[in-house]
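Trainee: Handing you a structure now.
The values are calculated or read from the model by the stated rules, or taken from the named source; none is laboratory data. What you see is a predicted model; the values in this text were computed from it and never measured. Note that each Cβ is placed from the backbone with ideal geometry, even for glycine, and that neighbours are counted across all protein chains shown.
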Amino acid sequence: MKLSNSELVTGCVKNSRMHQKALYDKFSTTMYSILFRMFNDREHANDVLQDAFITIFQTIADLNDPERLAGWIRTIVVRTAIRKMRERSKITFTDASEINDETLPDFNFTAIQLDEAIRSLPKGNRLVFMLIEIEGYKHKEVAEILNISEGTSKSQLNYAKKLLRKSLNEYTSEYATKK
């Protein structure tokens, strides 16, 4: 039986274990994927996912519009992840000024290669890249979430893209030598 967002929210507000499980089953895979890319660590991504869902279940009564459920959950997951990163270690940003601004080579990358390249980014650059390019946040929102300036958000996104180009160019070089 497929439940609507409204039914899921209503059931979770009433602490129905069936509705909570259905909500978790509906969103956990997507949220885990976001967390794994952010942390590059399966165990830590799972821990944060569990913490985020505890918060979700505790605060779901505050959700005014059940049609905004997916975005509301994503926001809680991302904010939980950033809070955990801050608790664990300082988020540092990389100065990639030494990296040439190369264009992407004429090569078809697999999703796995692109995912590996993203996960290889330093934590701060990866966070900014994920939040802006994958999650669709604006620089102003990222600046508020990470407690940095908009300029830092923009420069870190630029550095992340440069690092990705470099990493993807290395894949191209490896591919060319294997041919």
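Trainee: Do you know which of the residues in the range 116-133 that are among the small types (Gly, Ala, Ser) and in a helix (DSSP H, G or I) is surrounded by the fewest Cβ atoms within 10 Å (Cβ to Cβ)?
Mentor: ALA117
Trainee: If LEU164 passes every condition in (1) modelled with pLDDT under 90; (2) over 18 Å from the mean Cα position of the chain (by Cα) but one, which one does it miss?
Mentor: In the conditions (1) modelled with pLDDT under 90; (2) over 18 Å from the mean Cα position of the chain (by Cα), LEU164 misses (2) alone.
Trainee: Still on this structure, please answer the following. Quickly run through the range 2-45 and pick out the residues that are under 18 Å from the mean Cα position of the chain (by Cα), small (Gly, Ala, Ser) and surrounded by 16 or more Cβ atoms within 10 Å (Cβ to Cβ).
Mentor: Correct list: SER28, ALA45.
Trainee: Could you list all residues from the range 134-145 that are assigned to a helix (DSSP H, G or I) and at pLDDT below 90?
Mentor: Hits for the range 134-145 are ILE134, GLU141, VAL142, ALA143, GLU144, ILE145.
Trainee: Would a scan of the range 65-77 turn up a residue that is under 14 Å from ARG37 (Cα atoms) and modelled with pLDDT under 90?
Mentor: No, the range 65-77 has no match at all.
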